[in-house]
Amino acid sequence: MSFSMHTHTCGELRAANIGETVTLTGWVWHRRDHGGLIFIDLRDRAGVTQISFDPEHSGGAAFHTAESVRSEWPIKVTGVVRERPEGQDNEKLATGHIEVLVSELEVLNTSKTPAFQIEDHVDTSEDVRLRYRYLDIRRPKMAANLKLRSDLTFAIRQAFHDAEFTEVETPALFKSTPEGARDFLVPSRLQPGHFYALPQSPQLLKQLLMIGGVERYYQVAKCFRDEDLRADRQPEFTQVDVEMSFVDQDDVMGCIESVLAEALGKMGAEMQLPLRRIDYWDAMDTYGSDKPDTRYGMELHDVTPIFKNSKFKLFASAAADEKLFVKAINAKGAGLWPRAQIDRLADVASGFDAKGLAYIAFREDGSVTSPIVKFFSDEEMEGLRSEMGVEPGDLVMFAVESRLKADEILGGMRRHMADALELPREGHDFLWVVNFPLFHWDEDTKSYQAEHQPFTLPTETDPEKIMADPLAVGSYTYDFVMDGYEAGGGGMRIHNAEMQMAILKMLGFTEEDAREQFGFLLDALAFGAPPMGGFALGLDRVCMLLTHSDSIREVMAFPKTSSGSDLMSDAPSEIGMKQLKEVSLRLL
């Protein structure tokens with residue numbers, strides 16, 4: 001290998017190398033002293049090679065040095081590749097048929113005892129791993145995750161380059177604009193009392209690039225959002241940002257499909273093109289989610305008509321109200337659970353804002369367990385069995401709410417029951433969810449909010465018709481769904497200044513506020529802005545799914561904890577009064 005202390009990596013040697021003199025470097029992983037011989041598993045970024053030391057070989061100097069080395073010491077060895085003794089092959093290792101008989105050993109450094117074993121199945125808390133992250137990323141699994149991330153990023157870049165895209169870097173210091181989450185703010189020393197914001201995304205800048213004639217743009221962008229964290233969310237994250245001009249929605253989606261199929265295919269994840277497209281409301285009504293995992297069933301059913309004459313008042317009153325629905329899912333196998341376990345599902349449903357959880361458990365002996373079944377007629381029960389495909393051992397659960405609320409409750413229960421029943425989810429599941437509503441109503445603020453973002457092109461072009469019934473208006477939008485996660489999303493953009501101002505007013509902006517926040521965009525749209533649309537891929541999330549990790553922290557080199565802390569560097573940290581004074585700030 002060029003420009004390195006070693007000639008080969010520790011994952012590279014095979015039977016074809018037998019007889020060659022090689023030099024390896026790495027960390028001592030496992031050391032076994034068999035009295036007359038010493039064996040060391042030498043580990044580097046590429047894998048593991050067994051190296052052996054014989055006191056009779058090359059004067060024994062290397063053997064005597066090997067007697068003192070310990071775990072995680074970095075060393076350099078030179079020796080001859082040979083076949084392992086009969087019966088000592090290790091089929092679990094790619095290098096398991098050979099070993100290196102060492103003639104020269106150089107200790108490059110010593111090491112303190114690590115806080116945990118450098119093993120894939122390490123039994124220690126995540127906080128300890130994050131505190132010593134530089135040790136954690138030595139583990140083979142972590143090294144493999146970072147390698148896959150690097151390979152995927154390169155494959156994406158190559159695919160976009162081949163499709164004649166231009167990679168453009170956009171500023172990390174920009175104007176604070178409302179984009180759905182809180183901004184991270186950076187005070188300006190040169191302009192006291194003024195602040196930059198770290199970008200939540202390059203959204204506005206990439207639209208300006210389209211107006212500037214770039215036509216096909218992408219970048220691997222670092223983004224920042226000050227929001228509550230979870231397993232698949234970090235305050236700083238990476239997205240593959242894309243924008244195209246002189247295109248329609250099919251052009252953008254087709255191009256993105258092609259790029260992703262090429263890049264993900266190199267990672268071993270095959271995509272069958274064209275991808276399925278599911279309308280937003282079809283996804284919600286069928287799966288209870290706008291990012292459905294379709295690798296398992298348990299689909300939602302609208303059973304409202306079955307109970308229009310029911311003696312069960314809750315269901316009957318919902319059937320009589322056009323704004324309410326009775327919906328149900330069938331969790332096959334859960335009807336065998338003890339009643340106490342089923343009753344506890346009400347607590348799970350409450351986490352999805354359900355006021356309760358009506359259910360019917362169909363037992364294997366033909367009996368039925370339910371606090372509500374006594375209100376149902378034989379005809380209603382027969383209709384329910386037929387609609388839900390009921391078999392002995394099934395558990396049917398109900399939600400009585402508005403259309404969207406019922407979908408969300410049962411969608412949450414669907415995901416929970418899939419995990420509880422350990423339903424198989426084989427392979428990867430790729431699809432588009434399209435045609436999202438333009439707005440939704442926010443009960444907290446009592447105002448309309450953009451479903452995607454304020455710059456999305458509506459399907460209705462007449463502002464007066466939009467204002468007449470905002471919640472009925474659709475949008476040219478598309479989310480890329482992978483394995484039940486929103487892995488990316490995008491939409492066509494408004495490229496008319498008057499339409500953009502009308503949408504901002506619908507969202508509660510006065511003309512003065514809109515000019516203050518987005519004046520530069522509104523001005524630019526007046527200079528011949530072309531039709532445009534874009535997309536953003538969550539790189540961290542896709543890597544998490546490709547590596548079957550539990551969290552995006554497993555595919556990031558230096559992530560934050562769920563409280564936004566970096567345990568390794570102790571960030572965020574207090575700063576001194578001198579630094580605060582330099583940027584004209586003081587603590588209250």
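The values are calculated or read from the model by the stated rules, or taken from the named source; none is laboratory data. This is a predicted model, so every value here is computed, not measured. Every residue, glycine as well, gets a Cβ built from its backbone with ideal geometry; the counts of neighbours run over all protein chains shown. For accessibility, only protein heavy atoms count, side chains too; no ligands or nucleic acids. Shrake-Rupley method; radii C 1.70, N 1.55, O 1.52, S 1.80 Å.
Looking only at segment 235-249, count how many residues are in a strand (DSSP E or B) and either open to solvent by 20 Å² or more (accessible area, probe 1.4 Å) or under 25 Å from Pro559 (Cα atoms) (or both).
Residues of segment 235-249 that are in a strand (DSSP E or B), as a first pass: 236-245.
Keeping just the survivors that are either open to solvent by 20 Å² or more (accessible area, probe 1.4 Å) or under 25 Å from Pro559 (Cα atoms) (or both) gives 236-242.
Result for segment 235-249: 7.
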For segment 382-425, what are the residues that are surrounded by fewer than 19 Cβ atoms within 10 Å (Cβ to Cβ) and either hydroxyl-bearing (Ser, Thr, Tyr) or in contact with a Gly (Cβ under 6 Å, 6 or more places away or on another chain) (or both)? Ser386, Gly393, Ser402, Leu421
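Going through Ile552, Ile494 one at a time, which residue ends up being more than 28 Å from Leu152 (Cα to Cα), surrounded by 21 or more Cβ atoms within 10 Å (Cβ to Cβ) and among the β-branched types (Val, Ile, Thr)?
Values: Ile552 fails: more than 28 Å from Leu152 (Cα to Cα).
Being more than 28 Å from Leu152 (Cα to Cα), surrounded by 21 or more Cβ atoms within 10 Å (Cβ to Cβ) and among the β-branched types (Val, Ile, Thr) holds for just one of Ile552, Ile494, which is Ile494.
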Select from segment 160-194 the residues that are open to solvent by less than 60 Å² (accessible area, probe 1.4 Å), of a type outside the set (A, V, I, L, M, F, W, C) and under 30 Å from Leu264 (Cα atoms) and list them in ascending order. Thr170, Glu179
Applying the selection to segment 208-227, what residues are touching a Ser or Thr at 6+ places or on another chain (Cβ under 9 Å) and either assigned to a strand (DSSP E or B) or of a type outside the set (A, V, I, L, M, F, W, C) (or both)? Gly213, Glu215, Arg216, Tyr217, Tyr218, Gln219, Val220, Ala221, Lys222, Cys223, Arg225
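Can you tell which of His428, His440 is open to solvent by less than 70 Å² (accessible area, probe 1.4 Å) and more than 22 Å from Ala514 (Cβ to Cβ)?
On the way: His440 fails: more than 22 Å from Ala514 (Cβ to Cβ).
Going through His428, His440 in turn, just one is open to solvent by less than 70 Å² (accessible area, probe 1.4 Å) and more than 22 Å from Ala514 (Cβ to Cβ): His428.
Residues checked against (1) open to solvent by 20 Å² or more (accessible area, probe 1.4 Å); (2) assigned to a helix (DSSP H, G or I):
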{"residue": "Leu130", "(1), (2)": "no, yes"}
{"residue": "Arg138", "(1), (2)": "yes, no"}
{"residue": "Asn145", "(1), (2)": "no, yes"}
{"residue": "Gln158", "(1), (2)": "yes, yes"}
Just name the residue that is farthest from Thr25 (Cα to Cα) out of those in segment 106-124 that are open to solvent by less than 60 Å² (accessible area, probe 1.4 Å) and assigned to a loop (DSSP other than H, G, I, E, B). Thr124
If I filter segment 210-229 for residues that are open to solvent by 60 Å² or more (accessible area, probe 1.4 Å), over 17 Å from Ala487 (Cβ atoms), out of contact with any Gly (no Cβ under 9 Å at 6 or more places or on another chain) and polar (S, T, N, Q), do I get at least one hit? no
Among the residues of segment 519-531, which ones are within 20 Å of Lys175 (Cβ to Cβ) and not acidic (Asp, Glu)? Gly519, Phe520, Leu521, Leu522, Ala524, Leu525, Ala526, Phe527, Ala529
Quick count over segment 62-85, residues being small (Gly, Ala, Ser) and within 17 Å of Thr113 (Cα to Cα), is 2
Scanning segment 348-378 residue by residue, those open to solvent by 60 Å² or more (accessible area, probe 1.4 Å) and over 26 Å from Lys405 (Cα atoms) turn out to be Glu364, Asp365, Lys374, Asp378
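When segment 262-286 is examined, which residues are found to be under 25 Å from Pro531 (Cβ atoms) and open to solvent by 20 Å² or more (accessible area, probe 1.4 Å)? Outline the logic, then answer.
Step one: of segment 262-286, the residues under 25 Å from Pro531 (Cβ atoms) are 273-275, 277-280.
If the condition is that a residue be under 25 Å from Pro531 (Cβ atoms) and open to solvent by 20 Å² or more (accessible area, probe 1.4 Å), then Leu273, Pro274, Arg277, Ile278, Asp279 are the ones that fit.
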Find all pairs meeting these conditions: Cβ atoms under 6 angstrom apart; at least six residues apart or on different chains; first residue within segment 565-588 and on the phi > 0 side of the Ramachandran plot; second residue assigned to a loop (DSSP other than H, G, I, E, B) and not basic (Lys, Arg). Ser584/Pro192
Going by the conditions given, is Arg415 of a type in the set (Lys, Arg), farther than 18 Å from Trp281 by Cβ, in a helix (DSSP H, G or I) and without any contact (Cβ under 8 Å) to a residue 24 or more places away in the chain? no
How many residues of segment 12-26 are open to solvent by less than 20 Å² (accessible area, probe 1.4 Å) and more than 15 Å from Ile75 (Cβ to Cβ)? The answer is 1
(1) basic (Lys, Arg); (2) in contact with a Gly (Cβ under 7 Å, 6 or more places away or on another chain); (3) within 26 Å of Lys560 (Cα to Cα): which one isn't true of Lys206, the others all being true? (3)
Apart from one, (1) farther than 21 Å from Asp248 by Cα; (2) in contact (Cβ under 8 Å) with a residue 60 or more places away in the chain; (3) open to solvent by 70 Å² or more (accessible area, probe 1.4 Å) all hold for Ser447; the odd one out is (3)
